[in-house]
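Let me begin by presenting the structure, written as structure tokens, before commenting on it.
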């Protein structure tokens, strides 16, 4: 194997190892911080169900004991990790069901919503960005910029409410939240790429637009777009929480909202770990793939 390939493979392995270590450390730290914040939240040891007059003293005492169990948050977190290694994520305080079952039941809906939202947002953002770069018309470029800027100014909760009022799918609301973030960056990247000297020369020589796009533009912007793709996954997952909560969609986002309102420590801690893990995997994968593409170009 040539020396430069050995160096590239070694650098890739080192990058993967660094990302793996950072992922494990961040996930563990994120779960611990979530547990600390929930434990220190005002009214954590108070359960609204204690006000139910139908409960007897034993039931009220059981509710108090369930809230008072994680008194030492560090030892509680360590024991939770030990149980998680054996597949036990604990039991939700507010819902009374195993956390693993709740996540397993609700994760497919959230994954489907996020995936469809990302596909819709990226398709529309790239279509508008490419058409603006090809046409080079000031009016059209201004129109697309105003469109993305308008959606950028609308809060995610408002878009979720509008999707409920207009009976629109939740994936479309997520797409409208992600779209302006992707479009603005993709539009700038494509405009800059189409103004590069070798692409201007290729167009002057009569090359077709499709050949210019796939052979000259895409290799230039692919690493940067991959970085944006990783960030867009984070945005889509964050948008899923208000969308699912307001639209009544039984996914992980709605579960996180319910856990936060109920100060459900086992549930909220595991949801935080899951969301952190997914977002870090998306960012790390985008970074590693971008590193491979840059190495091939070099």
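Taking 0.36 nm per intervening residue step and subtracting the Cα-Cα distance, what contour gain separates residue 167 from residue 29 on full extension?
On the way: separation 138, 0.36 × 138 = 49.68 nm, distance 3.94 nm.
Taking residue 167 through residue 29 to full extension adds about 45.7 nm, to one decimal.
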- [ ] Among 88, 141, rank each residue by its count of other Cβ atoms within 10 Å, from fewest to most, as a rough exposure measure.
- [x] 88, 141
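Listing 218, 243, 114 from the residue with the fewest other Cβ atoms within 10 Å to the one with the most, what is the order?
Placing the least packed residue first, the sequence is 218, 114, 243.
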Task: Per-residue Cβ neighbour rank within 10 angstrom, fewest leading, 179, 74 - done: 74, 179
- [ ] Report relative contact order for the chain in percent, whole number only (criteria: Cα-Cα under 8 Å, sequence separation at least 6).
- [x] 27
- [ ] Per residue, how big is the convex hull around the C-alpha atoms of the range 186-293? Give it to me in cubic angstrom, could you?
- [x] 115
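From the square roots a ≥ b ≥ c of the eigenvalues of the alpha-carbon gyration tensor of the range 228-283, which class results: rounded (a/c under 1.5), prolate (a/b over b/c), or oblate? Write down the numbers at each step before the final one.
Numbers: a/c = 3.13, a/b = 1.40, b/c = 2.24.
Oblate shape, in that a/c is at least 1.5 and b/c is the bigger or equal ratio.
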Open item on the list: If I take the Cα coordinates of the chain and project them onto the principal axes, what are the three extents in Å, biggest first?
Closed with: 86, 56, 28
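Values quoted throughout were computed directly from the atomic coordinates according to the rules given, and no laboratory measurement underlies them. What you see is a predicted model, and the numbers here were worked out from it, not measured in a lab. Note that we place each Cβ from the backbone using ideal geometry, even for glycine, and neighbour counts take in every protein chain shown.
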